[in-house]
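One structure is given below, encoded as structure tokens.
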């Protein structure tokens, strides 16, 4: 509000927002009444949805009482005691870290423009997340929609944070009740248990001084998952992948036509699934994403000294040609031929070398996966079906029969058995070693764990991408 004096006359010049929010004037009655009408309409709409789903007259009457104007705001304020709005949610780090503080923070972007983070967005651009330390039952969808409701360009959530006078007066005809209700709603961003971490949170001691022997020389950093930022990323990538423009661009590419527009692609995109079958137990936004979170590729340059060749006849012969595989195999064979003592040290070294071979098998697998999908359809390919399922998963998108057979096959079990046979054969060749079934089982168990885990991750990612494609087509 600007004040000026002219010819001894006191004049005031007031902006419209001063009239709306100033300390000297109450909000215009028409603004309060308009917001009341919108809130009443919202509550009636939510009540009707609840009544449709209600299975008994007693439940219907409970909903009628709950959604009475003003009564519902008291209900919402009571529920807020058990949930919090946040931009960073601790349950992404560990589901049992329920007593750790979630964080609502949109920091100042000044001096940080070269970094990507929540500071790049204001409250209207960045959706807040809702989390309930006590469990998903406290995540009321009506409260979620209430905070997203817009009036005159601002959400209810923004008005609550601003302690908006129009909203306050719309909540109740009683000034004291209205003030209490707004105060109760405003607790939504305050840490539920204070600003504290949990033993199950990820924590990093960061040296800030020269003397690492002193406790005060360290900051204890507890990274939290930026759920709101992840939601913006997820929304933009989904639009780039499955939006109408993306479909048009892909169609033009397939048909060799010109496309007048922009097309965005995200190579090597990964999908992280969080929450299992109960994504809402983590947070509201995680539930809206179906538990899916996109991870952009963060990889070093992929230098190849030579091209990757498809193993058309014997996959393990191609695997054995890798220099690192030959080195590990020779080390393992020399060690076992030395007749080492049967103790823990021997077992540990043997297991370490075997684990290194299993890791190399995964690197070999990823190299072959970089080939164009469908290479096993070449008539020169003589690989057994389970080896084709293992090394050419992309063919499932091109060949329906192959996809069905692959889903029904226990190829990971078969490949681990083949890997164990191969290793026994390499160790026994030109050697006095005479390994049989017991050693075969030992090698197989090592390969089993790696291959089965790899299969689950690969299948989960393909299922997620398949679901995304279905959703994109439906849209």
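Computed from the coordinates by the stated procedures, all read-outs in this text should not be read as laboratory data. Nothing here was measured: the structure is a model prediction, and the numbers come from that model. Neighbour counts are summed over all protein chains in view; Cβ atoms, including those assigned to glycine, are modelled from backbone coordinates with ideal geometry.
Could you state the number of Å between the C-alpha centres of the range 395-411 and the range 147-166?
Their Cα centres are 52 Å away from one another.
Under 1.5 on a/c is rounded, so check that first for the range 328-450, then, if it is not, pick prolate when a/b is larger than b/c and oblate when it is not; a ≥ b ≥ c are the square roots of the alpha carbon gyration tensor eigenvalues.
prolate
In nanometres, what is the gap between the two model label sites at residue 81 and residue 258, each 7 Å from Cα along Cα-to-Cβ?
Each label point lies 7 Å from its Cα, and together they span 6.7 nm.
If neighbour count is taken as other Cβ atoms inside 10 Å, put 118, 87 in order from fewest to most.
So the residues, fewest neighbours to most, are 118, 87.
Would you mind listing how long the range 57-119 runs along its three principal axes, going by Cα atoms, in whole Å with the largest first?
Rounded to whole Å, the extents work out to 57, 29, 16 Å.
How far, in nm, would the chain grow between residue 456 and residue 401 when pulled straight, counting 0.36 nm per residue and subtracting the alpha carbon separation?
Working it through step by step, the gained length comes to 17.8 nm.
How do 114, 128, 369 rank when sorted from fewest to most other Cβ atoms within 10 Å of their own Cβ?
Listed from fewest to most nearby Cβ atoms, that is 114, 369, 128.
Using 0.36 nm per residue of separation minus the Cα-Cα distance, give me the extension gain between residue 372 and residue 29 in nm, one decimal.
Extra length available between residue 372 and residue 29 comes to 116.8 nm.
Determine, for 339, 210, 142, the number of other Cβ atoms within 10 Å of each Cβ, and report the residues in order from fewest to most.
Starting with the residue having the fewest Cβ neighbours, the order is 210, 339, 142.
Taking the simple approach of a point 7 Å from Cα along Cα-to-Cβ for both residue 216 and residue 63, what is their distance in nm?
6.1 nm
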